[in-house]
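Below: one structure, written as structure tokens.
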Amino acid sequence: MDSAEIVVVASPFANLAPMYEVDPDADTLLIVPPLTRPFAPWDRDGHQISDGGADSKHKAVSSRPGLRIKVSSQHLALVSRVFKTKLQFGGSKSSARQADGRIHLQLAEGFDGNAVSIVMNAIHSRGSKVPKSVDIETLARIALFVDRLQLLDAVEIYADRWISKLEATIPATYDRDLTLWLYISHVFRQPAIFKAVTITAALHAPGPFPTLNLPIREKIIQHIETQRHTLLTTALSHIHQTLDDLMAPSESSSLSSPSSPSSPSSSSSSLLLGELIKALQGRHRLVWPRPARPFEGISFASTVLVAVEDVLRLHRQRREMEMEVEREREREFGGGGGGGGGEKSEVEPWYMHGVGVTTAVDAQGQQRVAPVTPPGSSGTGAGGDMKPGWGAVGGRFPVTPAASPEPVYRSGPNGVGRFEGHECGVERAVQRLEGLGRLADGVDGLVLEGNLGYRLY
């Protein structure tokens, strides 16, 4: 910062601005001009706006009267090089002193009188006048004054106390307070908060992170935007690869004849594909045209993940309904027969290459599976030289490898199990969509300080 933040002036606002005394023996009058512009303006839709378009909340607090503060030039010069330079080169001349015998220093516009008075009390060791806690708005205004006038050393101990009481209010979503916390954590050198806020910004920001007219370093904004672009590029690549896989013909559908009804795999993939396209394309247009940098209006957490979670929720509901129907069938199947407990179904290996299965009752009266060897096969019943496979018994048709090339047996109630193999492609797509949330773990955030304690931003 340069000395343009302060100018030596003849006494303005002599009878207009209220007087606040920090040092009774003050040789300097610090003048805070009236605050006429909104501080960190933000509209209701979450966008940075010009000063004239602030919402009613910030218009109400944008206009504040000026303030004159009686301070000591020695204290100012001791804690701030900006003040020291101005007092040495601008206030050393006898003409600089006004009729009241003091040097009048006027701050640039944009500072809040209450925030300035709090910092002046801290500088002049008036600890009882420094509040024990402040709200996020006041803390951001203090940070602006401290940053522009290079006063960190004088208020750092107070800032640590203020921040510790507000740390629980750090937002986990994209809003105005997130920008304020980014600036506060940078000014007061809070590396853990700074890193957490930059991660949240990369995950939730729908565009370039707004500065709200605060002097946030351009390098910080660029690095947040780079991490956001990388995250969205990876996520959208996963999504479009999933869409391509769901649109590709499945192996089971290719084995079916044109006149046969659609397979469960084809039906499930079609449903998932339709739900995914509807959720992604409807309001956010994430399918076509394919989004490209700078991904304006697209947030990883609030846009992509929300849309995908809606699809997964519908898919889980549909799968639960299908499983409930399956359980009803199993209960109906398991409840038949006599002997109290009903007939139990067993699943045993069958033998591939044309070998089928049948059931037989053993000496103990239990139903067991037995292989049936077709003519010309080298197998000789249950003890033949046959390769193990899989199959289902208990009155159901055996599932063939051609119908489901990768079967998975799931145990069920009452000893009744089922094979799941026809939706392998759908399950892979679901797993890929569920894995999108883990991409957030790869966002590292920004490191405020290097190993030697120097600020990197």
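The values are calculated or read from the model by the stated rules, or taken from the named source; none is laboratory data. Computed from a predicted structure; not experimentally measured. Don't worry about glycine lacking a Cβ; one is built from the backbone with ideal geometry, like all the others, and counts go over all protein chains shown. The area values use the complete protein model at the heavy-atom level, side chains included, leaving out ligands, DNA and RNA. Shrake-Rupley method; radii C 1.70, N 1.55, O 1.52, S 1.80 Å.
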| Residue check: is PHE209 at pLDDT 95 or above, aromatic (Phe, Trp, Tyr) and buried (at least 19 other Cβ atoms within 10 Å of the Cβ)? | no
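Taking the stated definitions as given, is PHE111 aromatic (Phe, Trp, Tyr), over 26 Å from the mean Cα position of the chain (by Cα) and in a helix (DSSP H, G or I)?
no
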| Residues of the range 175-195 satisfying the condition of being in contact (Cβ under 8 Å) with a residue 60 or more places away in the chain and open to solvent by 10 Å² or more (accessible area, probe 1.4 Å) | ASP175, ARG176, ARG189, GLN190, PRO191, LYS195
| Residue match in the range 313-323 (condition: modelled with pLDDT under 90, outside any helix (DSSP H, G or I) and surrounded by 15 or more Cβ atoms within 10 Å (Cβ to Cβ)) | no
| Going by the conditions given, is SER80 farther than 20 Å from PRO18 by Cα, surrounded by fewer than 21 Cβ atoms within 10 Å (Cβ to Cβ) and polar (S, T, N, Q)? | no
| request: Among what's in the range 278-312 and is β-branched (Val, Ile, Thr) and open to solvent by less than 60 Å² (accessible area, probe 1.4 Å), pick the residue that is farthest from VAL430 (Cα to Cα). | output: ILE298
| task | Determine if the range 153-169 includes at least one residue that is within 30 Å of HIS75 (Cβ to Cβ), of a type in the set (Asp, Glu) and touching a residue at least 40 places away in the same chain (Cβ under 8 Å). | result | yes
| task | Sort out which residues of the range 217-246 are more than 14 Å from LEU203 (Cα to Cα) and open to solvent by 20 Å² or more (accessible area, probe 1.4 Å), and write them in order of number. | result | ARG217, GLU218, LYS219, GLN222, SER237, HIS238, HIS240, GLN241, ASP244, ASP245
| message | Looking at (1) open to solvent by 10 Å² or more (accessible area, probe 1.4 Å); (2) in contact with a Gly (Cβ under 8 Å, 6 or more places away or on another chain); (3) of a type outside the set (Gly, Ala, Ser), which one does THR198 not meet, given that it meets all the others? | response | (1)
| request: Give the number of residues within the range 143-162 that are of a type in the set (A, V, I, L, M) and either closer than 16 Å to GLY66 by Cα or open to solvent by 10 Å² or more (accessible area, probe 1.4 Å) (or both). | output: 4
| Among LEU203, LEU139, LEU166, which is the only one that is assigned to a helix (DSSP H, G or I) and either in contact with a Gly (Cβ under 9 Å, 6 or more places away or on another chain) or open to solvent by less than 10 Å² (accessible area, probe 1.4 Å) (or both)? | LEU139
| said: Within the range 36-70, take every residue that is open to solvent by 10 Å² or more (accessible area, probe 1.4 Å) and in a strand (DSSP E or B) and give me the one that is modelled with the lowest pLDDT. | reply: GLN48
| request: Would you point out the residue of the range 422-457, among those that are β-branched (Val, Ile, Thr) and in a loop (DSSP other than H, G, I, E, B), that is farthest from ALA235 (Cα to Cα)? | output: VAL447
